[in-house]
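The values are calculated or read from the model by the stated rules, or taken from the named source; none is laboratory data. Worth saying up front: this structure is predicted, and the values here are computed from it rather than measured. In this analysis, Cβ positions are derived from the backbone assuming ideal geometry, glycine residues included, and neighbour counts consider all displayed protein chains.
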Amino acid sequence: MEHVDSSKEILDCFLSGKFKRMDCPQCENTFLTKVYEMKCFDGGKKLSMKCAQCKRAFTADLTSDTWRNYVLLEKQSLGLEYFMDAIQKYELQNVPFVKRVGVLDEDGHPIDPACIHLFTFEEPDYRAIYVMERLEHLDEADAEFFTEHVHEIDWMEKEDRLKVWSYVAERYGAELAEDMRKLCLYYRENQKYLNWDLHGDNLMRSVKDGKIVIMDPYAPKMGDYME
């Protein structure tokens, strides 16, 4: 129950306008996401200790206790939901900490998260709010590597995909390559509903430990989709 209460407290802070919007066109263009600082603002003053205690409880299972290592995401796209489903299904390792804290209707009122339905072509008419660990974009050389070698993998034959995974493992480690392979498998199992959209801007580094993590590698097929 502690985490549920914490989620509500964080969502209330967001709805009260107490989180400051960050300026990151790259995130907005890549992930169709608005990003907010996880630092409370209330007329220039910090919020009560109750809020800080609540936030610490929310991340009690994490090694870091500095809230500046987290951000709030606002999305009107289901890509992250598919990603979270793949993370759970395949127990992926090179992924950021991310947790949905609420869903809002078009008027900004909290609604039941049961409204989220995967594996349909419905356009979401709601906004999903998440807490995620803070990430940094890769440098140009690393980003270019993944864009060049991984982005087109949905068009490749199995033999060529295996070569790419080996190349990724050689340069960035077997664990990252294996997570990418599993994410690609999830895409191929569900490509009726998903497009593969993993490129250099989707690979980022955790501020906490510098580890390269994958972020939101799918673009859902929405609307009247015909095979």
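A few remarks follow.
- When Ala143, Ala174, Ala128 are checked against the criterion of being without any contact (Cβ under 8 Å) to a residue 24 or more places away in the chain and either surrounded by 13 or more Cβ atoms within 10 Å (Cβ to Cβ) or of a type in the set (Gly, Ala, Ser) (or both), a single residue qualifies: Ala174.
- Count of the range 186-218 residues which are out of contact with any Pro (no Cβ under 8 Å at 6 or more places or on another chain), surrounded by fewer than 18 Cβ atoms within 10 Å (Cβ to Cβ) and closer than 24 Å to Glu123 by Cα: 5
- Among the residues making up the range 184-201, those that are assigned to a helix (DSSP H, G or I) and farther than 19 Å from Glu91 by Cα are Gly200, Asp201.
- Here Lys55 does not qualify as crowded, with 16+ Cβ neighbours inside 10 Å, at pLDDT below 90 and part of a strand (DSSP E or B).
So that you can scan it fast, the table gives a plain yes or no per residue for (1) more than 29 Å from Lys34 (Cα to Cα); (2) more than 21 Å from the chain's Cα centre (by Cα); (3) surrounded by 18 or more Cβ atoms within 10 Å (Cβ to Cβ):
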residue	(1), (2), (3)
Leu104	no, no, yes
His109	no, yes, no
Thr120	no, no, no
Glu148	no, yes, no
Leu162	yes, yes, no
